[in-house]
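Computed from the coordinates by the stated procedures, all read-outs in this text should not be read as laboratory data. Note that the structure is a prediction, hence the values are computed from the model and not measured. FYI the Cβ positions are ideal-geometry reconstructions off the backbone, even for glycines, and counts take in every protein chain you see.
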Amino acid sequence: MLVGKSGENACLTTNNKKMFIGEYSHNLDDKGRLAIPVKFRHDLAEGAVVTRGLDACLFLYTKAEWNKLAEKLASLPFSQAKARAFSRLMLAGAMDVEIDKQGRIILPEYLRQFAQLKKEVVVAGLYNRLELWDSNAWQSYKEQTEKESTDIAEQMGELGV
């Protein structure tokens, strides 16, 4: 197990596949650049895709994970309105990003506005993707989720988790 700068778990390897885990705080600069935690940079070195996420955050995927998701979205029945809407949310909002020499990516303005990213951003690892949250929104989300953790755990039990 690797440990990140914040003292929380950073990245685990299982079956030779890296997982993104942990949470980190980084500042967004005036040009929309965000530093990616060091532990995650290698996995994103060949490029990544950032898109609108759920719960008012952004999703950041490796190219390989993005390709898997995009194929699933492309196979959804376009005759169903909700399938079209979800595909549009994820695909039309997506942007290729590259990590610069300082380990930063540039987040387009429309995505920063979508997630209401201001100065402090939380980068949260969620297995096959990173989520980018405004720090205050992340704190509120965590507090609410922690209050509901017992109910959430019971529902996950019903799903076999």
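Evaluated against (1) under 15 Å from the mean Cα position of the chain (by Cα); (2) more than 16 Å from N27 (Cα to Cα), K82 falls short on exactly one condition, (1). Looking for something in a strand (DSSP E or B) and loosely packed, with under 15 Cβ neighbours inside 10 Å - is there at least one such residue anywhere in region 107-118? Looking through region 107-118, none of the residues is in a strand (DSSP E or B) and loosely packed, with under 15 Cβ neighbours inside 10 Å.
From the list E98, E109, E154, the lone residue that is farther than 29 Å from K18 by Cβ, of a type outside the set (G, A, S) and touching a residue at least 12 places away in the same chain (Cβ under 8 Å) is E109. All conditions in (1) in contact with a Leu (Cβ under 8 Å, 6 or more places away or on another chain); (2) closer than 18 Å to F40 by Cβ hold for W66, with the sole exception of (1).
Filtering region 63-75 for residues that are part of a loop (DSSP other than H, G, I, E, B), more than 22 Å from A124 (Cβ to Cβ) and not basic (K, R) leaves a non-empty set.
Candidates L126, L117: the one that is among the hydrophobic types (A, V, I, L, M, F, W, C) and under 16 Å from W66 (Cβ atoms) is L126.
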